[in-house]
Amino acid sequence: MLIRNPDSILGSEITPESVYQSRRQFMTAGALGLASLGLPFGASASLQQDDEITPENIVTQYNNFYEFGTGKEDPAAYAHEMTIDPWSVEVSGAANKTGTFAFEDIIKGLDVEERVYRFRCVEAWSMVVPWMGIPLKDILAQFEPMGNAKFVEFKTLYRPDEMRGQKGFFSSIDWPYLEGLRMDEANHPLSLMVTGLYGKDLPNQNGAPWRLMVPWKYGFKSIKSIVSIRFTEREPINTWKQLQASEYGFYANVNPAVSHPRWSQASERRLPSSLFNVNRRPTLPFNGYADEVAHLYAGMDLRKYY
Ligand code: MTE
């Protein structure tokens, strides 16, 4: 069972009443908002008892989006400089339908769902976020991938005039930001193309107008502000692997048993976290989605394919 009605999310005994109440209000507002748009309201995939939704201001103000700088607060400060309308997407490679498409035309007619997912960064912090989006498989199917499409590669916008981090002389990233998935990962029902959060449009700093969300993988796989989708027979390179292959791999499945060379991945700081309440908890294999996704990696040595 992948999808669960948000009403069945259990509140933690330690949740302050005010936080719990505002969460219920959000849920109600979200349900009303989506219902009035005629959209299905659903989807909290296998949340644990103590998975409280992270406050919205943390999710939208504590970001990684290196195109706008390396500081956690840089994306919220500068991402408004990125123009997201019009937005077009180039589709290429092993598919029957390729070419340049307007973003609106790609998502037209597809249902937007709400999915509350745990989100775990390779830096060992985590959040619980109510994303809104379209199953990635529904997006990709429109382009009719061919049998030899074994992987799909995604690219972020490259526009140094609007993305100040791309201009940086000291930037070690070879822009544009690149990511990829195996086709069976991309077609897994948990993989989501996100277009919103907390019942609203996706803010620029979170990857507007659309970004990937693959909840069993480290956050760097969830590439933002996508302008290119390419179907390919070979495993594509991804930015973090390109930068430091001994530290970041292609698969990047959340795995408490395989440490980053410079820090342990056995536990994580669930935000909000402070000096006095670090809010540390054990990291779960595949970020807690093992029942749904572990079969994708049967027989693979996850120490080698990290
Ligand atoms: N996508 C692009 N284009 N550029 C980035 O720097 N950072 C990644 C990922 N997607 C990144 C990106 C990393 S490391 C993380 S943890 C998540 O985005 C952060 O997403 P958030 O800011 O919405 O929490």
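Please name all residue pairs, on different chains or six or more residues apart, with Cβ atoms under 7 Å, provided the first residue is in the stretch 231-250 and is among the aliphatic types (A, V, I, L, M) and the second residue is open to solvent by less than 60 Å² (accessible area, probe 1.4 Å).
Within 7 Å, the pairs are 237/178; 243/173.
Just one of (1) surrounded by 18 or more Cβ atoms within 10 Å (Cβ to Cβ); (2) hydrophobic (A, V, I, L, M, F, W, C); (3) in a loop (DSSP other than H, G, I, E, B); (4) out of contact with any helix residue (DSSP H, G or I) (no Cβ under 9 Å at 6 or more places or on another chain) trips up residue 190, so point out which.
Here residue 190 meets the rest and fails (4).
Tally time: how many residues in the stretch 161-174 are touching a Gly at 6+ places or on another chain (Cβ under 9 Å) and open to solvent by 30 Å² or more (accessible area, probe 1.4 Å)?
Residues that pass the stated criteria total 3.
In the stretch 230-248, which residues are hydrophobic (A, V, I, L, M, F, W, C) and more than 14 Å from the ligand (Cβ to nearest atom)?
Going residue by residue through the stretch 230-248, those that are hydrophobic (A, V, I, L, M, F, W, C) are 231, 237, 240, 243, 245.
231, 237, 245, listed by residue number.
Give me a count of the residues in the stretch 215-229 that are assigned to a strand (DSSP E or B) and within 12 Å of the ligand (Cβ to nearest atom). Give the derivation first.
Taking the stretch 215-229 and keeping what is assigned to a strand (DSSP E or B), we get 217, 226-229.
In the following step, the residues that additionally are within 12 Å of the ligand (Cβ to nearest atom) were identified as 217, 226-228.
Within the stretch 215-229, residues that are assigned to a strand (DSSP E or B) and within 12 Å of the ligand (Cβ to nearest atom) number 4.
Looking at (1) assigned to a loop (DSSP other than H, G, I, E, B); (2) under 14 Å from the mean Cα position of the chain (by Cα), find the lone condition where residue 212 falls short.
(1)
Have a look at 180, 219 and point out the one that is modelled with pLDDT of 95 or more and touching a Pro at 6+ places or on another chain (Cβ under 7 Å).
180
Could you identify the single residue in 123, 114 that is farther than 27 Å from residue 247 by Cβ and either within 16 Å of the ligand (Cβ to nearest atom) or part of a strand (DSSP E or B) (or both)?
Working: 123 fails: farther than 27 Å from residue 247 by Cβ.
When all the criteria are applied, what remains is 114.
Provide a single number: the residues in the stretch 153-183 that are part of a strand (DSSP E or B) and not polar (S, T, N, Q).
Final tally of qualifying residues: 8.
Is it the case that some residue within the stretch 140-152 is within 12 Å of the ligand (Cβ to nearest atom), open to solvent by less than 30 Å² (accessible area, probe 1.4 Å), within 22 Å of residue 217 (Cα to Cα) and not in a loop (DSSP other than H, G, I, E, B)?
no
The values are calculated or read from the model by the stated rules, or taken from the named source; none is laboratory data. Just so you know, these numbers come straight off a predicted model, no measurement behind them. Neighbour counts are summed over all protein chains in view; Cβ atoms, including those assigned to glycine, are modelled from backbone coordinates with ideal geometry. Ligands, DNA and RNA are stripped out before the accessible areas are found, and what is left, the full protein with its side chains, is counted by its heavy atoms. Shrake-Rupley method; radii C 1.70, N 1.55, O 1.52, S 1.80 Å.
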